[in-house]
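Structure first, then comments.
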Amino acid sequence: MTTTGTAAVLRPGDRGYDDARQVWNAMFDRRPAMIVRCRTAQDVAGAVRTARERGLEISVRCGGHSAAGFGVTNGGLMIDLTPMGRASVDPARRRAYVQGGALLGALDAAAQRHGLATTAGNVSHTGVGGLTLGGGMGWLARQYGLACDNVVSYELVMADGSVERVTGGELFWGLRGGGGNFGIVTGFEFALHDTGTEALVVEATFTGRARHAAMRRWRDEHLTAPRRATFTASTGPGTLTLGYVWTGPDLGYRPTFTEGGTVSRQPMSYLRLQRREDATGRHALRRYGRSHYLKSMPDAAVDAFIAAGEHCGAGLQGYGGAIADVPEDATAFGHRDTMFEFGAGTSWTDPAEDDARRAAARSAAALLEPFAAGVYVNSLGDEGGAGVRRAYPPAKLARLTALKDRYDPHNVFHLNQNIPPSAARTAT
């Protein structure tokens, strides 16, 4: 291991190299020529300049949760932001200051010490950067908007190695949902909200013929649910679990869709809510999934969702509320009129199962495709350009392409759900 500035540089064979290149999806086992473990924005800027001078592909790793393993390059230079993991809070101003390598758990813990929070995903070991740049769904989004809606400013390392603070204008628009296409964010400033520290998870499990009627009630009650409630559903062979996550003090909300099911009510802290799925997210599993946005859910889609569970695990999460309050053209994030996000996913350890597992997820997602209208960019995996075109409506994608032309015309930052510059589109 060597050092440059305050950054440590790892090469194959160095102690810590293999740990640093590990990502959430174990299907990707890539080996960078160099891993630069950055501690400051200037370290990141230096790493960008080094990669460009040497003609090395750049990848950026924070939480490592990219489904396509984009955080690690094969043979290039990996910029590792994990040493930049601090989050601090100004409770009087209700602001959080978060380094670009922080995990959501660091943001949650710092804010909850003051009874504050901002929208920050559903799993604490996801990276703040990747989640927020793609939009940032979470349990607070129906109350306070997506993570990107709560960003006040960005510290951004550009493709030329310069460092900028972005607080408005067209680039600010593009960073709010456009992914990592325009630079490397080394710092976020978030608005925080007085959320308290309480949460509640309610779930009702159904089997057999009762599943279809119960899910139609669940769907209908979502339309009038308080914004504190985020409706959830999951399905597997023969079973259906319908529920909601409530954030804040229990105000006595009691929907009727749970009737006839086996009901569980779990009061918990908001921090526990954010951490409860962590055990299933360990960095040792092979993973594959497909996703859709659903802007409505007719009875046929209810039936299709239940049938999808016969192929692999599938789930839904409710949108609406403050997400839809933001005008569609106000941010790069698209499809704000979504009703539910659908995901079909599977995880395993044996590489011999790869083909069968991927086929199962695709089959499950295909059942919902007739009802689909777009996709969450953070849920994309190996769909390539076709997936990006689903994530952004044509006018929005054109606007993002113009930003790429201005700020990264050589597509230095392309290991992401990529929006290529116009020159690259013309060349192909």
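Translational diffusion coefficient of the range 55-137 at 10 °C, 1.306 mPa s, Stokes-Einstein with Kirkwood Rh over Cα pairs, in µm²/s as a whole number.
On the way: Rh = 13.4 Å.
Reported coefficient: 119 µm²/s.
Here the gap between S153 and N74, fully extended at 0.36 nm per residue and compared with their Cα-Cα distance, gives a gain of 25.2 nm.
Extension gain, A330-T262: 0.36 nm per intervening residue step, less the Cα-Cα distance, totals 20.2 nm.
Convex hull volume per residue, computed on the Cα atoms of the chain, equals 137 Å³. Summing charges over neighbours of G169, with a neighbour being any other residue whose Cβ is under 12 Å away from its Cβ, gives +1 when K and R count +1 and D and E count -1. When all alpha carbon pairs of the range 341-428 are counted in 5 Å bins from zero, the resulting P(r) reads 2, 12, 19, 20, 15, 11, 12, 7, 2 %. Using the Cβ of G13 as centre and a radius below 15 Å, the other residues enclosed give a net charge of +1, where K and R count +1 and D and E count -1. Taken about its Cα centre, the chain carries a charge dipole of roughly 260 debye when the Cβ of each Lys and Arg holds +1 and the Cβ of each Asp and Glu holds -1. Between amide H atoms placed 1.01 Å from N, distances below 5 Å from G180 occur with Q417, all of them 5 or more places distant or on a separate chain.
Does anyone have the angle between helix 299-308 and the longest principal axis of the chain? Alpha-carbon axes, 0 to 90°, nearest 10? Value to nearest ten degrees: 60. Across the range 227-243, rounded Karplus estimates of 3J(HN,Hα) from the backbone phi angles (6.51 cos²θ - 1.76 cosθ + 1.60, θ = phi - 60°) give 5, 5, 9, 10, 6, 9, 8, 9, 9, x, x, x, 10, 9, 10, 10, x Hz, Gly and Pro being marked x. The portion of the accessible surface of the range 200-279 made up by carbon and sulfur, rounded to a whole percent, is 52 (1.4 Å probe; DNA, RNA and ligands excluded). Packing-based ranking of 229-236, 190-197 yields 229-236, 190-197, ordered from highest to lowest mean Cβ neighbour count within 10 Å. The angle between the Cα long axis of helix 394-407 and the main principal axis of the chain comes to about 20°, on a 0 to 90 degree scale. At an R0 of 41 angstrom, the distance between the Cβ atoms of R11 and A191 translates into a FRET efficiency of 0.50. Label-point separation (nm) for A307 and H410, each offset 7 Å from Cα along Cα-to-Cβ? In this crude label model, A307 to H410 measures out at 5.1 nm.
What the Cβ-Cβ distance of L223 and E198 gives, at R0 = 30 Å and to the nearest 0.05, is a FRET efficiency of 0.75. Mind jotting down the distance between the C-alpha centroids of the range 19-42 and the range 287-366, whole Å? Answer, in whole Å: 28. 3J(HN,Hα) along the range 250-260: 5, 9, x, 5, 9, x, 9, 5, 6, 4, x Hz, from the Karplus curve 6.51 cos²θ - 1.76 cosθ + 1.60 with θ = phi - 60°, whole Hz, x for Gly and Pro. When peptides 404-411, 68-75 are ranked by their average number of other Cβ atoms within 10 Å per residue, the highest-first order is 68-75, 404-411. The stretch between A300 and E369 holds 23.7 nm of extra length on full extension. This uses 0.36 nm per residue minus the Cα-Cα distance. Can you tell me how the range 285-406 classifies by the Cα gyration tensor, rounded, prolate or oblate, using a/c under 1.5 as the rounded cut? The shape class here is oblate. Put simply, the Cα atoms of the range 4-44 extend 32, 20, 14 Å along their principal axes, the longest span coming first. Highest mean packing comes first when the peptides 81-90, 121-130 are listed by Cβ atoms within 10 Å, giving 121-130, 81-90.
In terms of its alpha-carbon gyration tensor, the range 161-300 comes out prolate; a/c meets the 1.5 threshold, and the first ratio a/b outweighs b/c. Which angle between 0 and 90 degrees, to the nearest 10, do you get for helix 41-54 versus the longest principal axis of the chain when only C-alpha atoms count? It works out to around 70 degrees. As a fraction of the 1.4 Å probe accessible area of the range 47-110, surface on carbon and sulfur atoms comes out at 47 percent. For N74, neighbours were defined as the other residues whose beta-carbon sits under 14 Å from its Cβ, and their charges (Lys and Arg +1, Asp and Glu -1) total +2.
Per residue, the range 298-428 exposes 41 Å² of solvent-accessible protein surface, assessed with a 1.4 angstrom probe and all protein chains in place.
The values are calculated or read from the model by the stated rules, or taken from the named source; none is laboratory data. Remember, it's a predicted structure, so these values are computed and weren't measured experimentally. Ideal geometry is used to build each Cβ from the backbone, glycine not excepted, and the neighbour counts take in all protein chains shown. With ligands, DNA and RNA removed, areas are computed over all heavy atoms of the protein, side chains included. Shrake-Rupley method; radii C 1.70, N 1.55, O 1.52, S 1.80 Å.
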